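To start, the structure under review is shown below, and the notes come after it.
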Amino acid sequence: MSPRRGGEADKFGARYEGRWTVRYLMYVLLSWVDSVTVEKAGEVGKGVEFIARRGSAAEVHQVKRQSGNANEWSVKDLKRAGVLDAACKQVAAGREFHFVSIVPARRMDELTDRARRSESLQAFRDQMLTNDLRSDFTYLG
């Protein structure tokens, strides 16, 4: 059975978000994080399920089960779902952004891994950005 909009898809998605949030609430009890604020009002809470604090550092989590019945998140899917916009706003505000899903975002993972291993932007473009990743990198730009 493939997930449909509404119905079981919404229920499964909400259950997944809830379980991830409860996981972090348990981290508070274990003293692994200092606090968790769920769906904070205002700009800081837009596009995220919760904010977890560890000392002065804040990390925000956006949780999505999957996109339709796809088995991974494409860069365009992430844009369409608002994940990239939320990530940009949260990171610009100095918060660490975490996207959590049961299915991977393979292209984003590959781009970020190669970027981390590059000495500079120019080295990334010249040596690490293969033709199959170039279109996604250009789309992100």
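The values are calculated or read from the model by the stated rules, or taken from the named source; none is laboratory data. This one's a predicted model, so the numbers in the text were calculated from it and none came from an experiment. Reconstructed Cβ throughout: ideal geometry from the backbone, glycine too, with neighbour counts over all protein chains shown. For the accessible areas, the whole protein counts, side chains as well, though only heavy atoms, and no ligand, DNA or RNA atoms are used. Shrake-Rupley method; radii C 1.70, N 1.55, O 1.52, S 1.80 Å.
Taking the numbered list (1) touching a residue at least 40 places away in the same chain (Cβ under 8 Å); (2) at negative phi; (3) touching a helix residue (DSSP H, G or I) at 6+ places or on another chain (Cβ under 9 Å) in turn, ASP77 passes all entries but (1).
Contact map, the stretch 84-102: first residue under 22 Å from GLY55 (Cα atoms), second residue among the small types (Gly, Ala, Ser) and open to solvent by 50 Å² or more (accessible area, probe 1.4 Å), Cβ cut-off under 7 Å, separation 6 or more or different chains; pairs are GLU96/ALA57.
Considering the stretch 24-41, the residues that are over 14 Å from ALA93 (Cβ atoms) and open to solvent by 80 Å² or more (accessible area, probe 1.4 Å) include one that is modelled with the lowest pLDDT, namely ALA41.
Taking ARG114, is it surrounded by 14 or more Cβ atoms within 10 Å (Cβ to Cβ), under 22 Å from GLY47 (Cβ atoms) and more than 11 Å from the chain's Cα centre (by Cα)? Spelling it out, it is not the case that ARG114 is surrounded by 14 or more Cβ atoms within 10 Å (Cβ to Cβ), under 22 Å from GLY47 (Cβ atoms) and more than 11 Å from the chain's Cα centre (by Cα). Kindly establish whether MET1 is loosely packed, with under 14 Cβ neighbours inside 10 Å, at pLDDT 90 or above and either farther than 30 Å from ASP136 by Cα or of a type outside the set (Asp, Glu) (or both). The answer is no for MET1. ASP85 meets each of the listed conditions (1) under 20 Å from ALA14 (Cα atoms); (2) surrounded by 13 or more Cβ atoms within 10 Å (Cβ to Cβ) apart from (1).
Would you confirm whether any residue within the stretch 73-80 is surrounded by fewer than 19 Cβ atoms within 10 Å (Cβ to Cβ) and farther than 20 Å from PHE137 by Cβ? Scanning the stretch 73-80, I find no residue that is surrounded by fewer than 19 Cβ atoms within 10 Å (Cβ to Cβ) and farther than 20 Å from PHE137 by Cβ, so the answer is no.
Scanning the stretch 27-41 for residues that are of a type in the set (Ser, Thr, Tyr) and in a loop (DSSP other than H, G, I, E, B) yields one hit, SER31.
Restricting to the stretch 50-62, name every residue that is open to solvent by less than 30 Å² (accessible area, probe 1.4 Å) and either in contact with a His (Cβ under 9 Å, 6 or more places away or on another chain) or among the charged types (D, E, K, R) (or both). Of everything in the stretch 50-62, those that are open to solvent by less than 30 Å² (accessible area, probe 1.4 Å) and either in contact with a His (Cβ under 9 Å, 6 or more places away or on another chain) or among the charged types (D, E, K, R) (or both) turn out to be PHE50, ILE51, ALA52, GLU59, VAL60, HIS61, GLN62. Cβ-Cβ distances below 7 Å connect the following pairs, each with a first residue in the stretch 51-68 that is over 16 Å from MET26 (Cα atoms), a second residue that is of a type in the set (Ser, Thr, Tyr) and open to solvent by 40 Å² or more (accessible area, probe 1.4 Å), and a separation of six or more residues or different chains: VAL63/TYR16; ARG65/TYR16.
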